[in-house]
Amino acid sequence: MLGLVLEGGAMRGMFTAGVLDVMMEENIRVDGAVGVSAGAVFGCNLKSGQIGRVVRYNTRYCRNWRYASFRSLLLTGDLFGEKFCYHDIPERLDPFDVEAYAASPMAFYCVCTDVETGEAVYHRCDRGDAEDLRWLRASASMPLVSRVVEVDGRKLLDGGAADSIPLRAFEEMGYDRNIVILTQPEGFVKEPNSLIPLMRVLLGKYPKLIEVMAHRHETYNAQTAYAAQREKEGACLVIRPPHKLDVGQVERDPQKLRAAYELGRETAKTQLERIRRFIGEEQV
C-alpha cells in the first residue's frame, strides 16, 4: 500500500500544506496517511480535499490572540486556543468539510503520546467529527503550553514526543511504500531539549512523558537516518524544504506563513516527476 507520512513542527507545517495542495491539484492519491501534530491538523485537509484551506485560515487568523498567543495560554491553558481552533474555525469561520472527509476512501491516522505510559498512540480518524477533532487536537498539543487532552480514557499530548516521524510504524501497518514529508532541511540534527528541567517541575507527575522527551532528540535523529536509508532502498521518497524555514512556532506574520507555504508548493512542483515515478506502480 502507498502511504504518506507527515512530520509536525508547529507552523513549519505550512510547508507541508503547500506540498499537499499541489498533490491534490495533480490528483496524486495515497491509500493512507499518518500525521503528527501540525502534520495531523493540517494534513486532514488532504482527506477532505480542501485545497488552500490551511494557508487561508492561518494567514487570516494568525494575529488573532484567540488562535495562538501567550494571552490564550494564560487565560485558557492552551497556547493554541481550543475553542477558536477546534470549534470556531472548522464549524463556522472556515468550515471543515466533514462529509467529504468521511466519504474519502483514504485512511487517515494521527499520532499522540500517552502521557502516563510515554508510548505513541496511533488512532485512525475516519469521520472528521468532534471526537476525531479531539484526537487531532491531542496530537498537536505541545507539552508545557497545552492542557492534557483526555480521549477514550487516555491522557494525551503531542505525538511528536513519542514518534515524530512514524515511518517505521506505518510500514508495520502495511504501508510498504511511503512518501515522507519533513519540515526540516537535509542535514538537520535535533539537539537535546533545554526545557527538560522545567518539564520535571511542571509535568513531574508524568515521568514516562519526561523520559521520552529527554531522549526525543536521539529518537528523532535515528528516524531521519532510517528515512534516508529507506529512500536509498527505494521504499520511500522524502520531500523536505531546501533550507530552514523562517517561521516561529507561534508565527504572527502572515507573509512568513505564506512564504513557507509557497516554498512547499515550489518544492512539490520540482519533485512531481520524481513523485510520479515513485507512485507509478500504484496508480497504473
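The values are calculated or read from the model by the stated rules, or taken from the named source; none is laboratory data. What you see is a predicted model; the values in this text were computed from it and never measured. Positions of Cβ are generated from backbone atoms using ideal geometry, with glycine treated the same way; all protein chains shown enter the neighbour counts. Surface accessibility is based on the protein's heavy atoms, side chains included, excluding ligands, DNA and RNA. Shrake-Rupley method; radii C 1.70, N 1.55, O 1.52, S 1.80 Å.
Just to confirm a number: summing +1 for Lys and Arg and -1 for Asp and Glu over residues other than Gly248 whose beta-carbon lies under 10 angstrom from that of Gly248, what do you get? Spell out each step's value before the answer.
Working: positive: Arg12, Arg252, Lys256; negative: Asp246, Glu251, Asp253.
Residues close to Gly248 contribute a combined charge of 0.
Considering only C-alpha atoms, what is the centroid distance from region 1-62 to region 64-133, in Å?
If you average the Cα positions of each part, the centres end up 14 Å apart.
Place a +1 charge on the Cβ of each Lys and Arg in the chain and a -1 charge on the Cβ of each Asp and Glu, then give the dipole magnitude about the Cα centre in debye, rounded to the nearest 20.
Computed about the Cα centre, the dipole is about 840 debye.
Normalise the Cα radius of gyration of the chain by 2.2 N^0.38 Å (N = residues in it) and let me know the number.
0.93
What are the residues whose amide H is under 5 Å from the amide H of Val238, where those residues sit 5 or more places off or on another chain and H is modelled from the backbone?
The list, which skips near neighbours in sequence, is Val180.
In Å², what does the accessible area per residue of region 155-284 work out to with a 1.4 Å probe?
Ligands and nucleic acids excluded, the figure is 52 Å² per residue.
Taking all protein chains in place and a 1.4 Å probe, what share, in percent, of the accessible surface of the chain do carbon and sulfur account for?
49 percent
Report the residue, chosen from Gly77, Gly39, Gly187, that carries the largest GNM mean-square fluctuation when the chain is represented by alpha-carbon nodes joined by springs under 10 Å.
Gly187
Consider just the alpha-carbon atoms of region 65-215 and return their Rg together with their Dmax, both in angstrom.
Rg and Dmax of region 65-215, Cα atoms, are 16.4, 46 Å.
Kindly work out what percent of the DSSP beta bridges joining two residues of the chain are antiparallel, to the nearest 5. All intermediate terms of the calculation are to be shown ahead of the outcome.
Numbers: 12 of 30 bridges.
The answer is about 40 percent antiparallel.
Which ³J(HN,Hα) values in Hz, rounded to whole numbers, follow from the phi angles of region 43-60 under the Karplus curve 6.51 cos²θ - 1.76 cosθ + 1.60, where θ = phi - 60° and Gly and Pro get x?
x, 4, 5, 5, 5, 7, x, 9, 4, x, 5, 4, 5, 5, 6, 5, 6, 6
Exceeding 23 Å between C-alpha atoms, which entries from my cross-link table qualify? They are Lys155/Lys205; Lys155/Lys208; Lys47/Lys232; Lys232/Lys256; Lys190/Lys244; Lys208/Lys244.
Numbers: Lys155/Lys205 12 Å; Lys155/Lys208 12 Å; Lys47/Lys232 29 Å; Lys232/Lys256 33 Å; Lys190/Lys244 13 Å; Lys208/Lys244 31 Å.
Beyond 23 Å: Lys47/Lys232; Lys232/Lys256; Lys208/Lys244.
Find, to one decimal place in angstroms, the Kirkwood hydrodynamic radius of region 134-284, where the mean of 1/r is taken over every pair of different Cα atoms and then inverted.
Numbers: mean 1/r = 0.0568 Å⁻¹.
One over the average 1/r among Cα pairs gives 17.6 Å for region 134-284.
Taking the highest mean first, how do the peptides 41-48, 217-224, 82-89 order by number of other beta carbon atoms within 10 angstrom per residue? Please list the in-between numbers first.
Values: 41-48: 24.5, 217-224: 16.6, 82-89: 18.2.
Result, highest mean first: 41-48, 82-89, 217-224.
Provide, for q = 0.14 Å⁻¹, the log10 of I(q)/I(0) from a solvent-free Debye sum over equal Cα point scatterers in region 134-218.
Summing over Cα pairs of region 134-218 leads to -0.59.
³J(HN,Hα) across region 135-151 via Karplus (A = 6.51, B = -1.76, C = 1.60, θ = phi - 60°), whole Hz, x for Gly/Pro?
Coupling constants for region 135-151: 5, 5, 4, 4, 4, 9, 8, 6, x, 6, 10, 8, 6, 5, 9, 9, 9 Hz.
Assuming a ≥ b ≥ c are the square roots of the Cα gyration tensor eigenvalues, decide whether region 1-64 counts as rounded (a/c under 1.5), prolate (otherwise, with a/b larger than b/c) or oblate.
Details: a/c = 2.41, a/b = 1.49, b/c = 1.62.
Note, shape of region 1-64 comes out oblate.
Leaving out ligands and nucleic acids, and using a 1.4 Å probe, what accessible area per residue does region 30-151 come to in Å²?
For region 30-151, the per-residue accessible area is 40 Å².
For the chain, what does -39500 (n - 2.57) per DSSP helix run (n ≥ 4), summed and divided by total residues, give at 222 nm, in deg cm²/dmol to the nearest 500? Show your work: numbers first, answer last.
Working: 12 runs with 119 residues, N = 284.
When only DSSP H runs of four or more count, the value is -12500 deg cm²/dmol.
How many angstrom separate the Cα center of region 216-284 from the Cα center of region 138-168?
After rounding, the separation between the Cα centres reads 22 Å.
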